[in-house]
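What follows is a single structure, written as structure tokens, with notes after it.
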Amino acid sequence: RQHGAMSFVDMAHSCGVLPIDLDETGCDFAGLLSYKWMYSPYAAGLLYVNPGRIGELAVRFPGGRSESWLDFETDRFELHDSAERFQFGPWSWPLVHAWAAACDWLTEIGPAEIAERTGWLTDRLKRGLQSIETVELLTPGEFTRSAALVSMSMTGWTGEDLAATLRERWNMIVKPLPHTREGLRISVPFFLLEEEIDRLVEALGELAACS
């Protein structure tokens, strides 16, 4: 900020997991998704613009929802003063209402309660993984640095093979890591049961013992 740089917070894996006050972060922009941890259909997005930055961000594609008023006869218009000026076109109303319902559901449960439960489950999983000698935990230990994702690798196994074996033998669906590291990326929603976490650790321990 001292050098005039603007900040953008990617909230794809934090919104719906951690209680966040955007005013407190002081960020200039933030983006979040309707799916993943918001638990509504794919795929809508939301852009937050700090009120102090609205005038500095150019509107490249004004649309039918960008203007506060429009005069067709004189071809004159004025953009909204708020972030509405960045709305390009019509919404998918079923998706909007589904997202709103998901937000109501998460709010009713409570952001702090969701964060506490998710942190407890991910800590349980991380401790279990660290008890397996051939497993390397790739995710930071602190919940606030990993949110609801836990990544790990196992000596002698590719991510694809681990994922396929877990599904075939235990009916567990876990994604392999999508990039350069071999391993798994385990999603831990707050509604998982403790015994489900333990069954995954036991299954991985059994595979480690056989490799």
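Hey, can you tell me all the residues within region 135-165 that are among the hydroxyl-bearing types (Ser, Thr, Tyr), outside any helix (DSSP H, G or I) and surrounded by 16 or more Cβ atoms within 10 Å (Cβ to Cβ)?
Residues satisfying the conditions are 139, 151, 153.
Look at residue 105 and say whether it is at pLDDT 90 or above and either under 26 Å from the mean Cα position of the chain (by Cα) or in a strand (DSSP E or B) (or both).
Working: at pLDDT 90 or above: yes; either under 26 Å from the mean Cα position of the chain (by Cα) or in a strand (DSSP E or B) (or both): yes.
Yes: the conditions hold for residue 105.
Taking only region 140-165 into account, find how many residues are within 16 Å of residue 201 (Cα to Cα), among the β-branched types (Val, Ile, Thr) and within 21 Å of the chain's Cα centre (by Cα).
Selection size over region 140-165: 1.
Just the residues that are over 13 Å from residue 135 (Cβ atoms) and in contact (Cβ under 8 Å) with a residue 40 or more places away in the chain, please, taken from region 152-165.
Within region 152-165, 165 is the sole residue that qualifies.
Which of (1) polar (S, T, N, Q); (2) without any contact (Cβ under 8 Å) to a residue 40 or more places away in the chain; (3) surrounded by 16 or more Cβ atoms within 10 Å (Cβ to Cβ) does residue 122 not meet, given it meets every other one?
(2)
In region 36-50, which residues are crowded, with 17+ Cβ neighbours inside 10 Å and either in contact (Cβ under 8 Å) with a residue 60 or more places away in the chain or under 22 Å from residue 186 (Cβ atoms) (or both)?
36, 37, 38, 39, 40 - these are the residues of region 36-50 that are crowded, with 17+ Cβ neighbours inside 10 Å and either in contact (Cβ under 8 Å) with a residue 60 or more places away in the chain or under 22 Å from residue 186 (Cβ atoms) (or both).
Given the conditions (1) surrounded by 17 or more Cβ atoms within 10 Å (Cβ to Cβ); (2) touching a residue at least 24 places away in the same chain (Cβ under 8 Å), which single one is not true for residue 53?
Of everything listed in (1) surrounded by 17 or more Cβ atoms within 10 Å (Cβ to Cβ); (2) touching a residue at least 24 places away in the same chain (Cβ under 8 Å), residue 53 misses just condition (1).
Just the residues that are in contact with a strand residue (DSSP E or B) (Cβ under 7 Å, 6 or more places away or on another chain), among the hydroxyl-bearing types (Ser, Thr, Tyr) and within 28 Å of residue 38 (Cα to Cα), please, taken from region 53-100.
Correct list: 66 only.
Could you tell me which residue of region 60-87 is modelled with the highest pLDDT, considering only residues that are under 29 Å from the mean Cα position of the chain (by Cα), surrounded by 15 or more Cβ atoms within 10 Å (Cβ to Cβ) and among the hydrophobic types (A, V, I, L, M, F, W, C)?
86
Within region 166-199, restricting attention to residues that are assigned to a strand (DSSP E or B) and over 16 Å from the mean Cα position of the chain (by Cα), which residue is surrounded by the most Cβ atoms within 10 Å (Cβ to Cβ)?
From region 166-199, those assigned to a strand (DSSP E or B) are 175-176, 184-187; that's our starting set.
Checking the rest, the ones that are also over 16 Å from the mean Cα position of the chain (by Cα) come to 176, 184.
Numbers: 176: 18, 184: 25.
Step by step, filter region 166-199, then rank; the result is 184.
Sort out for me the strands (runs of 3 or more DSSP E) sitting completely within region 7-101 that have 2 or more residues that are in contact with a Lys or Arg (Cβ under 7 Å, 6 or more places away or on another chain) and of a type outside the set (Gly, Ala, Ser).
It comes to none.
The values are calculated or read from the model by the stated rules, or taken from the named source; none is laboratory data. Quantities reported herein were computed from a predicted structural model and do not represent experimental measurements. Neighbour counts are summed over all protein chains in view; Cβ atoms, including those assigned to glycine, are modelled from backbone coordinates with ideal geometry.
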